[in-house]
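In what follows, a structure is listed as structure tokens, so that the remarks can point back to it.
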């Protein structure tokens, strides 16, 4: 049985971009609110997500003796610490 949203909050700060304010939520606010008894979930709405893009030239990798699979594995391992998990080939 879904309950829906019960409490909405905003993260505000002068001189901070929407991306910075959005980044505060998963690293600080979420943990503090989840520690409150009775809080089931803290969900985010809005803001700008931080994304990283890795552009690989597969024709240059042999010069460094690095297989593309090593690059994919490295990106997937690093994404585990930040919650991302998308790798396009």
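The values are calculated or read from the model by the stated rules, or taken from the named source; none is laboratory data. As the structure is a computational prediction, the values presented were derived from the model and not from experiment. In this analysis, Cβ positions are derived from the backbone assuming ideal geometry, glycine residues included, and neighbour counts consider all displayed protein chains.
Across the range 12-32, what is the number of residues that are free of Cβ contacts under 8 Å to residues at least 24 places away in the same chain and surrounded by 10 or more Cβ atoms within 10 Å (Cβ to Cβ)? Walk me through it before giving the result.
Taking the range 12-32 and keeping what is free of Cβ contacts under 8 Å to residues at least 24 places away in the same chain, we get 12-16, 20, 24-25, 27-32.
Among the residues that remain, those that are also surrounded by 10 or more Cβ atoms within 10 Å (Cβ to Cβ) are: 16, 20, 24-25, 28-32.
Within the range 12-32, residues that are free of Cβ contacts under 8 Å to residues at least 24 places away in the same chain and surrounded by 10 or more Cβ atoms within 10 Å (Cβ to Cβ) number 9.
Condition first: within 13 Å of the chain's Cα centre (by Cα) and at pLDDT 85 or above. Now tell me which residues in the range 31-86 satisfy that.
none
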